[in-house]
Each structure stands twice: as structure tokens, then as C-alpha cells.
Amino acid sequence: MKQVEVYTDGACSHNPGPGGWGVVLIYGPHIKELSGFEPHTTNQRMELTAAIKGLEQLKERTRVRLYSDSAYLINGFTLGWIDNWQKNGWRNSRGDPVSNSDLWKALIELSRKHEIEWIKVKGHSTNKWNNHCDELARQAIRRGTN
């Protein structure tokens with residue numbers, strides 16, 4: 001099975017406001033960059049969208065190490081939040097509808113197709129590829145708002 005590293009990041013100018021996402025996929029010597037823009041969104045939506053867009057690039061079952069500085073994204077999978085939300089009919093611990101459930105559901109479907117290790121990295125720190133994803137997301141916002 002192929003092993004791919006996927007780095008993701010989302011950004012938002014104001015929250016909510018114009019947003020962007022960035023992804024870097026690394027497979028052996030191959031590096032692929034992606035980015036996109038949404039005119040009115042939130043930072044959390046952009047974090048989840050980045051992961052979706054990266055995973056959608058994988059055309060066959062793949063072993064993935066997905067890196068993100070979003071505790072929201074990583075904890076959703078590693079701390080069992082998604083399992084609880086599904087059990088509770090997509091309601092959070094307060095009984096309110098889960099925010100961004102459309103994106104979470106898309107991520108669940110993608111996670112069933114691959115073996116994913118969800119890895120939290122520190123944002124705006126020394127992780128070269130996370131920093132690059134942040135810049136891709138910010139560039140997308142600048143392109144989209146000009």
C-alpha cells in the first residue's frame with residue numbers, strides 16, 4: 001500500500017469572512033500543492049476542507065499520515081468526538097447540532113477508504129510543510145479578494 005504524507009491548513013480573514021485552504025501531498029520524491037478560496041466561511045470550515053481536498057486526491061487505498069495544526073480536526077478523529085456525534089444523532093454534548101457536520105461526514109467517508117494517522121503539529125512554528133500550507137491558504141485568500 002502506498003504511503004503518502006498530507007499536510008493541510010486553513011485560514012480565514014476575519015472569522016467568518018473570506019477563507020482559504022492549502023494542501024501539500026508528498027509521495028516519495030513527488031510533491032503536489034493545492035489551494036482554494038471561499039468568499040464567506042470560517043477558519044474551522046477551511047481546516048476541514050483542506051483535509052477533504054487532500055484526501056480526495058488519493059485514487060486508491062492509501063496509508064496516510066495527515067498533519068494539521070487544527071486541534072478541531074485532529075481531535076475529532078483521535079478523541080472520539082465523531083463517534084459521539086454519530087451516536088447522538090449529530091448533536092454535541094450540549095444537545096446542539098454539530099457545526100460543520102456536512103464536512104465531518106465527508107471526512108468520515110474518506111477516512112473509510114484509507115488508513116489515516118491524524119497528527120497534530122504546532123501552527124506557525126518550525127514545521128516547514130505546515131507553514132507552506134498556511135501560505136498557500138493565505139495566497140488563496142489574497143487571490144480571491146483581489
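What's the ranking of 63-70, 122-129 by average number of surrounding C-beta atoms within 10 Å, highest first?
Final packing ranking: 63-70, 122-129.
Quote to one decimal, in nm, the extra length available between residue 146 and residue 57 on full extension: 0.36 nm per residue of separation minus the C-alpha distance between them.
Length gained between residue 146 and residue 57: 29.3 nm.
Rank 14, 132, 30 by accessible area, highest first, at a 1.4 Å probe radius?
Correct descending sequence by accessible area is 14, 30, 132.
Too long at a 21 Å Cα-Cα cut-off: which of 2/32; 53/120; 87/122; 59/113; 59/105?
Over 21 Å Cα-Cα: 87/122.
May I ask you to compute the full-extension gain from residue 27 to residue 101, defined as 0.36 nm times their residue separation minus their alpha-carbon distance, rounded to one decimal in nm?
23.7 nm
Give the carbon-plus-sulfur fraction of the accessible surface of the chain in %, rounded to a whole number; probe 1.4 Å, heavy atoms of protein chains only.
C and S atoms contribute 47 percent here.
Going 7 Å from the Cα of residue 115 toward and past its Cβ, which residues in region 1-16 have a backbone nitrogen under 16 Å from where you end up?
Taking a point 7 Å out along Cα→Cβ of residue 115, the residues of region 1-16 whose backbone N falls under 16 Å are 1-6.
In nm, to one decimal, how far is the modelled label at residue 88 from the one at residue 75, with both set 7 Å along Cα→Cβ?
1.3 nm
Looking at the chain, send over the antiparallel percent of its DSSP beta bridges, to the nearest 5.
DSSP beta bridges in the chain are roughly 60 percent antiparallel.
Let me check I have the definition right: for region 64-106, take the eigenvalues of the Cα gyration tensor, multiply each by 5, take square roots. What are those semi-axes in whole Å, largest first?
Three semi-axes, in Å: 20, 10, 9.
For the chain, what is the accessible area per residue in Å², given a 1.4 Å probe and the full set of protein chains?
Per residue, the chain has 53 Å² of solvent-accessible surface.
What's the extension gain from residue 135 to residue 40 if we count 0.36 nm per residue and subtract their Cα-Cα distance?
Gain in length upon complete extension: 32.3 nm.
The values are calculated or read from the model by the stated rules, or taken from the named source; none is laboratory data. Keep in mind that this is a model prediction, so the values were computed, not measured. Backbone-built Cβ (ideal geometry, glycine too); neighbour counts: all protein chains shown. Accessible surface is based on the protein model in full, side chains and every heavy atom, while ligands, DNA and RNA are left aside. Shrake-Rupley method; radii C 1.70, N 1.55, O 1.52, S 1.80 Å.
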